[in-house]
Amino acid sequence: MQPKKAYTATVSANGAVKISGKWTSKNPMVHIVFKNNRQGDVKVTAKWLATVLKKVDQKHNFKSYNFVAHSKGNNDFLNYLIRYGNPSGRLKTFVAVGGPFNGVLGWQGERPNQIKLLKSGKPTNAYPYYQYYLNNRSKLPKTAKVVNIYGDLKNGSDSDGIVSNQSSVALKYLVSGRVASYRQKQFTGRYASHANQTHSASVQNYLYNVLW
């Protein structure tokens with residue numbers, strides 16, 4: 001069942017959070033909007049997420065929640081978990097879509113197929129922020145489920161056009177054996193591209209099925 005948007009949490013450029021909407025659905029969705037969506041400091045965006053969750057909890061106390069992120073939003077949320085924890089084990093499922101967990105094509109010179117995954121799933125080259133995740137994986141919630149969705153254009157780049165598959169799938173090595181469960185799903189075709197992933201009916205249906 002597709003959730004209905006209950007609240008929109010708008011975060012201003014200075015981190016102030018404004019909540020709008022009504023909590024009326026059985027499976028309500030909170031849409032988080034960063035007015036400055038080019039903020040590159042994940043310590044800042046992690047703090048913004050902490051403020052959003054606190055504000056929503058104050059308006060409508062929730063016992064548990066799922067979190068769905070796309071692109072850099074995945075890094076923001078991982079940093080939130082590492083820096084602020086998982087109070088009362090409330091995170092049920094984290095769904096990552098197109099997550100750049102270990103680099104982005106063109107960033108710091110990364111080329112298609114340059115970085116591979118070993119049999120263990122560990123990248124042959126780990127960027128500093130991925131190593132930071134590894135160093136702090138003990139802070140990730142043991143009770144949470146993780147679902148990883150990524151796209152492959154099948155054009156030889158082994159990527160969704162922006163994020164290489166090694167970068168997305170590197171999440172498995174990071175969380176396996178730490179969280180309650182992990183599974184991943186690759187999508188191909190028209191909606192496999194990084195920008196189109198969240199607009200795909202196939203992706204959306206898969207996402208809703210794993211959450212509810």
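The one condition from (1) touching a Pro at 6+ places or on another chain (Cβ under 8 Å); (2) open to solvent by 20 Å² or more (accessible area, probe 1.4 Å); (3) β-branched (Val, Ile, Thr) that residue 104 does not meet is (1).
Residue-level check: of (1) within 16 Å of the chain's Cα centre (by Cα); (2) open to solvent by 60 Å² or more (accessible area, probe 1.4 Å); (3) farther than 19 Å from residue 73 by Cα, residue 142 misses just (1). If the condition is being closer than 19 Å to residue 75 by Cβ and either open to solvent by less than 70 Å² (accessible area, probe 1.4 Å) or of a type in the set (Gly, Ala, Ser) (or both), then the stretch 107-116 contributes 110, 115. Tell me, please, whether a residue that is open to solvent by 30 Å² or more (accessible area, probe 1.4 Å), modelled with pLDDT under 95, farther than 21 Å from residue 167 by Cβ and more than 19 Å from the chain's Cα centre (by Cα) can be found in the stretch 67-88. Yes: one or more hits.
Screening 132, 208, 191 for residues that are within 21 Å of residue 90 (Cβ to Cβ), surrounded by fewer than 20 Cβ atoms within 10 Å (Cβ to Cβ) and of a type outside the set (D, E, K, R) leaves exactly one candidate, 208. Would it be correct to say that residue 120 is among the hydroxyl-bearing types (Ser, Thr, Tyr), open to solvent by 20 Å² or more (accessible area, probe 1.4 Å) and farther than 15 Å from residue 75 by Cα? Taking the combined requirement at face value, the residue satisfies it. Scanning the stretch 48-57 for residues that are of a type outside the set (D, E, K, R) and either surrounded by 21 or more Cβ atoms within 10 Å (Cβ to Cβ) or closer than 16 Å to residue 8 by Cβ (or both) turns up 48, 49, 51, 52, 53, 56. The helices (runs of 4 or more DSSP H) falling completely within the stretch 112-212 that include 3 or more residues that are touching a residue at least 60 places away in the same chain (Cβ under 8 Å) and within 13 Å of residue 99 (Cβ to Cβ) map to 165-175. Being out of contact with any helix residue (DSSP H, G or I) (no Cβ under 8 Å at 6 or more places or on another chain) and either without any contact (Cβ under 8 Å) to a residue 24 or more places away in the chain or farther than 28 Å from residue 104 by Cβ (or both) is a condition met by no residue of the stretch 43-52. Against the definition (surrounded by fewer than 17 Cβ atoms within 10 Å (Cβ to Cβ), within 25 Å of residue 207 (Cα to Cα) and modelled with pLDDT of 95 or more), how does residue 161 come out, yes or no? Considered against the rule, which asks whether it is surrounded by fewer than 17 Cβ atoms within 10 Å (Cβ to Cβ), within 25 Å of residue 207 (Cα to Cα) and modelled with pLDDT of 95 or more, residue 161 comes out as no. Residue count for the stretch 33-42 satisfying the condition of being among the β-branched types (Val, Ile, Thr) and either crowded, with 20+ Cβ neighbours inside 10 Å or in contact with a helix residue (DSSP H, G or I) (Cβ under 7 Å, 6 or more places away or on another chain) (or both): 1. For the stretch 172-212, the set of residues classified as over 16 Å from residue 70 (Cβ atoms) and aromatic (Phe, Trp, Tyr) consists of 173, 182, 212, listed by residue number.
The values are calculated or read from the model by the stated rules, or taken from the named source; none is laboratory data. Because the structure is a prediction, the values reported are computed rather than measured. So basically every Cβ, Gly included, is an ideal-geometry build from the backbone, and we count neighbours across all protein chains shown. What goes into the accessible areas is simple: the full protein's heavy atoms, side chains included, and nothing from ligands, DNA or RNA. Shrake-Rupley method; radii C 1.70, N 1.55, O 1.52, S 1.80 Å.
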